[in-house]
Amino acid sequence: MKKLLLGFCLAPLTVLSQNVLIGNKDLPNEPSICINTSYPSRLVAGANLNKYYYSSDTGRTWQERTLVSSFGVWGDPVVVVDSVGNFYFFHLSNTSGGNWIDRIVCQKSVNFGQTWTDGTYTGLNGTKAQDKQWAAINPVNNHIFLTWTQFDEYGSTNTSDSSLILFSRSEDGGMTWTQAKRISTYGGNCFDQDSTVEGAVPAVGPQGQVYVAWAGPRGIVFNKSYDEGNTWLKEEKIISTQPGGWEFAISGVFRCNGMPVTKCDLSGGEHHGRIYINWSDQRNGTDDTDIWLIYSDDEGESWSAPKRVNTDPPGKQQFFTWMDVDQANGDLFFIYYDRRNFEGDTTEISLAWSRDGSEHIYSRIISDTPFVPVKQVFLGDYTNIHVWNHIVRPIWTRQHQGELSIWTDITPFDSLVSGVQEPPLAGTTLIYPNPTRDEAYVSFKLHERSEVRIVLYTVEGKAAGTILEKQFLDYGKHVIPYSTAALRLSPGIYYPRMWINGMEKRLPPLSVGP
């Protein structure tokens, strides 16, 4: 985005973090980071205006380089990786002899981000501006999905000029792209403010669905495609209000937005297929910006009520959120700027996480030292985070008294969550099939090694049979089989009760058939 032509929650705790400086040359901001899920020691990051960084030791040390392309490199870096380990770097253009940001450029690296192709592009449409793109890759076939905003004329106040959301796909590793397709029925203006449609971030579903949400004058809206972007809903659905709009003022920050981030759980776990959307807004007041989350378990047909991610008392600012789903296990992670511990503009970085599909969200400060930004220096328009198999790599801009730098954190996951009293039981406990005639199962996930006991009771409250008798089970998912015949259960309704380290959890009634 360019406006410059230049449940059970705890307050965040301070942890002895391991922040790593990625780069501080040439006023970097607006960073993106990506873990190579095929080779997790390899990471690539990007920053405005034309910087890329690569690491071969999971982010402990970094090499810095300048990205070049014959199409020009003009910021809004987005780094993604395919299932065989190729990185893709998307950015805006400034082509010699062309028009400023007149296309979206994709450069590819097959050697872990050390060198890049000259690139290909999509979206070229005369003098129209192509801006604020994001990409997602289908891990099954490595098709790349790209969404962005097109401006008839960037910054125009002419009411006949509009903004809209476009989509393009590559099926050959970014070599060629489908013709850009409009996926927003309702457009916006070209001011690059609340009445502009912007912030389209795609996500891939379990069967290759493409999900996209963005912000605009109608709030946060959602569209989807079941055929890799060839066809879409007749019109996008409004899924949440965004009181105060997606652009808002934060003291000490040149500009701030709360545009949505869309992710889908592909982990194969309990919430497989769940779509998450994360954003920030000022529904609680201009001095109390908050981070929000909604989810859908039916492919976007219905949505949960907004849940606040940050857990501070009212009256403090949290802003510039980003979210990721750890596709190895379904855990959720968030990064955002946080001012809860100080007065004025002093800012820290918080990491939040949930291991039960957002039922319980926890957070803690991960930045080593606070900083004080100044409004005259552009902080950027987003942070970013990528997580794989509990390798957690957030990335953010530190802007202290005008000096810009890009940072990550390499604190091991076990250290991040240490001292936070999460309940041992993670997420929903399933008892299935229900009703059952004989063989059945209880499925649950533990956050830590715990003593577990499960007993069935009659309607009258009498013990009818023990499914699991005080057994220590390790961290992870467990499926406990049992037989109603072996337990000699008569047909009827039974009430399962479960104890985790002595703490009781009641489960849904079980119906046993004849």
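The values are calculated or read from the model by the stated rules, or taken from the named source; none is laboratory data. Computed from a predicted model, the values in this text were never measured in an experiment. Cβ coordinates were reconstructed from backbone atoms using ideal geometry, including for glycine residues, and neighbour counts include every protein chain displayed. All accessible areas refer to the heavy atoms of the entire protein, side chains included, with ligands and DNA or RNA removed. Shrake-Rupley method; radii C 1.70, N 1.55, O 1.52, S 1.80 Å.
In region 367-388, what residues are more than 15 Å from the chain's Cα centre (by Cα) and in a strand (DSSP E or B)?
371
Out of the residues in region 357-366 that are in a loop (DSSP other than H, G, I, E, B), out of contact with any His (no Cβ under 6 Å at 6 or more places or on another chain) and open to solvent by less than 10 Å² (accessible area, probe 1.4 Å), state the one that is farthest from residue 290 (Cα to Cα).
Filtering region 357-366 for residues that are in a loop (DSSP other than H, G, I, E, B), out of contact with any His (no Cβ under 6 Å at 6 or more places or on another chain) and open to solvent by less than 10 Å² (accessible area, probe 1.4 Å), the one farthest from residue 290 (Cα to Cα) comes out as 366.
Does residue 212 meet the test of being touching a Lys or Arg at 6+ places or on another chain (Cβ under 8 Å), in a loop (DSSP other than H, G, I, E, B), among the β-branched types (Val, Ile, Thr) and open to solvent by less than 10 Å² (accessible area, probe 1.4 Å)?
no
Here is a list of conditions, (1) at pLDDT 85 or above; (2) open to solvent by 60 Å² or more (accessible area, probe 1.4 Å); (3) in a loop (DSSP other than H, G, I, E, B); (4) not charged (D, E, K, R), and residue 493 meets all of them except one; can you say which number that is?
Residue 493 satisfies all of (1) at pLDDT 85 or above; (2) open to solvent by 60 Å² or more (accessible area, probe 1.4 Å); (3) in a loop (DSSP other than H, G, I, E, B); (4) not charged (D, E, K, R) except (3).
Can you work out which of the residues in region 311-339 that are over 14 Å from the mean Cα position of the chain (by Cα) and at pLDDT 95 or above is farthest from residue 30 (Cα to Cα)? Full working, then the answer.
From region 311-339, those over 14 Å from the mean Cα position of the chain (by Cα) are 311-319, 328-329, 337-339; that's our starting set.
Checking which are at pLDDT 95 or above leaves us with 316-319, 337-339.
Working: 316: 23, 317: 19, 318: 17, 319: 14, 337: 13, 338: 17, 339: 19 Å.
Among those residues, the one meeting the criterion is 316.
State all residues of region 476-490 that are surrounded by 12 or more Cβ atoms within 10 Å (Cβ to Cβ) and of a type in the set (A, V, I, L, M, F, W, C); if no residue qualifies, say none.
480, 487, 489 - these are the residues of region 476-490 that are surrounded by 12 or more Cβ atoms within 10 Å (Cβ to Cβ) and of a type in the set (A, V, I, L, M, F, W, C).
Name the residues in region 193-202 that are farther than 16 Å from residue 239 by Cα and surrounded by 24 or more Cβ atoms within 10 Å (Cβ to Cβ), would you?
Once the filter is applied, which keeps residues that are farther than 16 Å from residue 239 by Cα and surrounded by 24 or more Cβ atoms within 10 Å (Cβ to Cβ), region 193-202 yields only 196.
Can you name every residue in region 1-57 that is under 30 Å from residue 356 (Cα atoms), among the small types (Gly, Ala, Ser), at pLDDT 55 or above and surrounded by fewer than 23 Cβ atoms within 10 Å (Cβ to Cβ)?
17, 38, 41
Only one of these is crowded, with 24+ Cβ neighbours inside 10 Å and more than 18 Å from residue 76 (Cα to Cα): 160, 184. Name it.
Only one candidate qualifies: 184.
Does region 144-165 hold any residues that are within 11 Å of residue 229 (Cβ to Cβ) and either out of contact with any Ser or Thr (no Cβ under 7 Å at 6 or more places or on another chain) or assigned to a loop (DSSP other than H, G, I, E, B) (or both), and which are they?
Across region 144-165, the qualifying residues are 145, 147.
Being in contact with an Asp or Glu (Cβ under 7 Å, 6 or more places away or on another chain) and farther than 21 Å from residue 310 by Cα is the filter here, so list the residues in region 256-266 that pass it.
Passing the criteria: none in range.
Scan (1) under 25 Å from residue 47 (Cα atoms); (2) within 23 Å of the chain's Cα centre (by Cα) for the single condition residue 140 breaks and write down its number.
Unmet condition: (1).
Please specify each residue of region 443-490 satisfying the condition of being assigned to a loop (DSSP other than H, G, I, E, B) and acidic (Asp, Glu). Please lay out each step first, then the result.
Step one: of region 443-490, the residues assigned to a loop (DSSP other than H, G, I, E, B) are 447-449, 458-462, 474-475, 484-490.
Answer for region 443-490, where residues must be assigned to a loop (DSSP other than H, G, I, E, B) and acidic (Asp, Glu): 448, 460, 474.
Residues that are over 30 Å from residue 143 (Cβ atoms), within 14 Å of the chain's Cα centre (by Cα) and not acidic (Asp, Glu): does region 245-259 have at least one?
For region 245-259, residues over 30 Å from residue 143 (Cβ atoms), within 14 Å of the chain's Cα centre (by Cα) and not acidic (Asp, Glu): absent.
Mind checking whether some residue in region 303-321 is more than 29 Å from residue 424 (Cα to Cα), of a type in the set (Val, Ile, Thr) and touching a Ser or Thr at 6+ places or on another chain (Cβ under 8 Å)?
Looking for residues that are more than 29 Å from residue 424 (Cα to Cα), of a type in the set (Val, Ile, Thr) and touching a Ser or Thr at 6+ places or on another chain (Cβ under 8 Å), one finds none in region 303-321, hence no.
Restricting attention to region 430-442, and to residues there that are part of a strand (DSSP E or B) and surrounded by fewer than 18 Cβ atoms within 10 Å (Cβ to Cβ), which single residue is nearest to the chain's Cα centre (by Cα)? Give the derivation first.
Narrowing region 430-442 to residues part of a strand (DSSP E or B): 430-432, 436, 439-442.
Adding the requirement that they be surrounded by fewer than 18 Cβ atoms within 10 Å (Cβ to Cβ) leaves 430, 432, 439, 441.
Numbers: 430: 26, 432: 31, 439: 39, 441: 32 Å.
Checking each candidate, the answer is 430.
With region 218-317 as the region, which strands (runs of 3 or more DSSP E) entirely inside it contain at least 1 residues that are open to solvent by less than 60 Å² (accessible area, probe 1.4 Å) and at positive phi? Spell out the reasoning first.
Details: elements: 219-225, 237-240, 261-264, 275-281, 290-296.
Counting at least 1 such residues, we get 219-225.
What are the pairs with Cβ atoms under 6 angstrom where one residue, in region 174-189, is farther than 21 Å from residue 117 by Cβ and aromatic (Phe, Trp, Tyr) and the other, located anywhere, is open to solvent by 50 Å² or more (accessible area, probe 1.4 Å) and modelled with pLDDT under 95? Sequence gap at least six, or different chains.
Pairs that qualify, where the first residue is farther than 21 Å from residue 117 by Cβ and aromatic (Phe, Trp, Tyr) and the partner is open to solvent by 50 Å² or more (accessible area, probe 1.4 Å) and modelled with pLDDT under 95: there are none.
Can you give me the number of residues within region 389-429 that are farther than 15 Å from residue 368 by Cβ, part of a strand (DSSP E or B) and of a type in the set (D, E, K, R)?
Going through region 389-429 one residue at a time, the tally reaches 2.
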